[in-house]
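One structure below.
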Amino acid sequence: KRLEKIREYLHAHYLEKVTLDELESLSGFSKSYLLRLFRLEYQVSPHVYQTVLRINFAKQQLIRRRSIAEVSLEAGFFDQSHFTKMFKQHVGVTPENYQNH
């Protein structure tokens, strides 16, 4: 139940900066135990899980032909360069290529 609470929290706050301290407080698990359990259940760390949620949000926004720079900031990435790198890593193409196809 506590892992599900963490997952729900990430879904509700994925556009925000979520810290491991917050997740530790929310779950009552130590950071290391939380990371281990989360990886066992979801096959990725909470940070990667949040990144995937952000990428999925960005994909929806790019389909709407929104500016890549605006989408990158709104999706919670540090800058457009970081966004492009993470997007390509997760999707396989750059945001611009994704938007144009």
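Arrange the peptides 3-9, 54-60, 15-21 so that the one whose residues have, on average, the most other Cβ atoms within 10 Å appears first.
Details: 3-9: 14.9, 54-60: 17.9, 15-21: 12.4.
Averaged packing, sorted descending, gives the order 54-60, 3-9, 15-21.
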Practice task
Taking the Cα centre of the chain as origin, sum charge times position over the Cβ atoms of Lys and Arg (+1) and Asp and Glu (-1), and report the length of that vector in debye to the nearest 20.
Solution key: 260 debye
Fill in the blank from the handout: Expressed in angstrom, Rg and Dmax over the Cα atoms of the chain are 14.6, 45
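Per residue, how much accessible area does the chain have with a 1.4 Å probe, in Å²?
Working: 6350 Å² over 101 residues.
Result: 63 Å² of accessible area for each residue.
Kirkwood Rh, the stretch 1-59, all Cα pairs: how many Å? Provide the component values of the computation, followed by the final result.
Details: mean 1/r = 0.0880 Å⁻¹.
Evaluated over the stretch 1-59, this radius sits at 11.4 Å.
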Exercise for the section: Calculate for the chain the 222 nm mean residue ellipticity that helices alone would give, adding -39,500 (n - 2.57) per DSSP H run of length 4 or more and normalising by residue count, nearest 500 deg cm²/dmol. Expected result: -22500 deg cm²/dmol
Completion exercise
For the stretch 18-64, the dipole about the Cα centre with charges only on Cβ (Lys and Arg +1, Asp and Glu -1), to the nearest 20 debye, works out at 280 debye
Fill in the blank from the handout: For the stretch 72-87, Karplus-derived ³J(HN,Hα) couplings (6.51, -1.76, 1.60; θ = phi - 60°; whole Hz; x for glycine and proline) come out as 4, 6, 5, 6, x, 8, 4, 7, 5, 4, 5, 4, 4, 4, 5, 4
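The values are calculated or read from the model by the stated rules, or taken from the named source; none is laboratory data. Bear in mind the structure is a predicted one, so any value in this text is a computation, not a measurement. Glycine also receives a Cβ, built like all others from the backbone with ideal geometry; neighbour counts cover every protein chain displayed. SASA here: full protein model, heavy atoms, side chains in, ligands and nucleic acids out. Shrake-Rupley method; radii C 1.70, N 1.55, O 1.52, S 1.80 Å.
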